[in-house]
Structures are given as structure tokens and as C-alpha cells.
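Below is one structure; the comments refer to it alone.
What follows is calculated from the coordinates using simple rules that are stated; it is not laboratory data. Please read these numbers as outputs of a predicted model, since none were measured by experiment. Backbone-built Cβ (ideal geometry, glycine too); neighbour counts: all protein chains shown.
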Amino acid sequence: MRVGILGSGLMGSKLGTIFARAGHEVVFSYARSKEKLQQLARDAGANARAGTPGEAAAHADALLLAVHWSHFGDVLKRAGDLAGKAVVTCSLPMADDNSGLVVGLASSGAEKLAKMLPKARVVCAFNTVPSEVLFDVYEARRKATRPSLVYCGDDSGAKRVAAELIRDTGFDPVDAGPLRIARYTEPFALLVGELAYSGQHGPELAYRFERFGK
Ligand SMILES: NC(=O)c1ccc[n+]([C@@H]2O[C@H](COP(=O)([O-])OP(=O)(O)OC[C@H]3O[C@@H](n4cnc5c(N)ncnc54)[C@H](OP(=O)(O)O)[C@@H]3O)[C@@H](O)[C@H]2O)c1
């Protein structure tokens, strides 16, 4: 697929690199320096290049939205028309100082995004994964058992896109249902982050969803 990365920080750079190495055509965009984007593209290999958010969006089959909540307006304005695009968001609706979530249990950042982009096909995925996990922690385990990663959304086509990207990242995609499930995955992501980063001797964190029932 052609995958546009909107936000090339910890999440966007790691996921974009994995996608490029898995064979997708990746455009890294939205960082404070063009040089950083070019370096990322060089490191990710022949399938990656640097571009503007508009360029990343123009020909994309899928877009990864990986910016701070406070930057949604800016990056979406720069990306232009996203009608019909599968937009995979990993962004959490955090306060400016990252002290907590600003969207509560009655809604989620992903649902608010879907309202901002009524013609796009929004899926929520990857936001339960601290970016370090993507490369390091699961490297050994991945060979034995793939860890699960939940995603949710209302559009079946966009969900297929997300599931493929999740698989290419080394996880087992678990469909958690409609987009409103993001109300629960987003606070869960924060819990995971707190556990991973806040402890004095930060635990090596492993979590796994088992399929209940059948
Ligand atoms: N990190 C995680 O483990 C993790 C896990 C789950 C979900 N998330 C969510 O994923 C989203 C991204 O997180 P992250 O950790 O990747 O954030 P981050 O490292 O801060 O990346 C954000 C990106 O936005 C760019 N940016 C910021 N201000 C800008 C501006 N004025 N103009 C252009 N570019 C600008 C940054 O540029 P620079 O590269 O130049 O700094 C960076 O590339 C967040 O919503 C977070 O809640 C993160």
C-alpha cells in the first residue's frame, strides 16, 4: 500500500520504518525539520521518502495520524482533502502538558476525529503500544507468539487496511468492534504508558488480549 505518515515522531517514525521495510511505499511528513524527515526516509530504505503532509496524503491508500492531539487542526489543514482515505489514528486526546486525557468515557479522540473528517474512513489502532515496544520488547517473543493488538472502526474496508498494517508490524490484529470502543482503548493506552514509564525500575511490560469465548 501507499502509506502517508502524518507526524514523524516516536510513533510515526517507528511505524513508518516498519511499514517501508515490510514493502509498503511510505511518505514521512510533519516534523519540525525537513532534514529529519529525509534522514528517516534514508534509514527506512528504498520504499520511503520525505514529503509534506499534502504530498503524503495525495496518493495514500492509508494515512497514519501520529501527532499530539493539539496538532490535529494544523496537520489536517496541511494534509488537505482526506475524503475516502483510510485514516489510522494512534493519537491519544491528551492535554497540552500530557497530564491526562481530555476526552472522557462518553467519547474518544478517534470518534472526534471521525466527526472532523466525515468523509474519511477512520480506524483507531496502535494507540495501546508504547513505540519502544514496536522494535525492542517483542522482538524475541514475536518469533514464538505474536502479541495481540486491538483496533476498532466503523468502516470494514478501512479495518482491513488497519489489520494488514498491524500484521506487518508483527502483531496479531484483534478487531475490538466499532469506533466507539476507542473510549476504552484510549484510557487503557494511558494505563500502559504509566506502567511502562512511571515506575522507578520500569517493569518490562507484557500484555495480551485473549479472545474470550470461542
Ligand atoms: N510514543 C508512544 O509510545 C505512543 C503510544 C501510543 C500512542 N501515542 C500517540 O501518538 C501520537 C504521537 O506520539 P509521539 O510519541 O510519536 O509524539 P512525538 O514524538 O511528539 O511526535 C509528534 C510529531 O509531530 C511533529 N510536530 C510537533 N510540532 C510540530 C510543528 N509545529 N510543526 C511540524 N511538526 C510538528 C514532531 O516533530 P519533531 O519530530 O520535529 O519533534 C513529531 O514528528 C500522540 O497523540 C500520542 O498520544 C504515542
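Tabulated data
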{"quantity": "3 or more residues within 10 Å of the ligand (Cβ to nearest atom) and touching a strand residue (DSSP E or B) at 6+ places or on another chain (Cβ under 9 Å): qualifying helices (runs of 4 or more DSSP H) within segment 1-116", "calculated": "10-21, 34-44, 72-79"}
{"quantity": "VAL133 being part of a helix (DSSP H, G or I), β-branched (Val, Ile, Thr), within 8 Å of the ligand (Cβ to nearest atom) and farther than 22 Å from PRO187 by Cα", "calculated": "no"}
{"quantity": "Pairs where the first residue, in segment 98-120, is under 20 Å from LEU82 (Cα atoms) and touching a residue at least 40 places away in the same chain (Cβ under 8 Å) and the second is of a type in the set (Ser, Thr, Tyr) and in a loop (DSSP other than H, G, I, E, B), C-beta under 7 Å, 6+ apart", "calculated": "GLY109/SER91"}
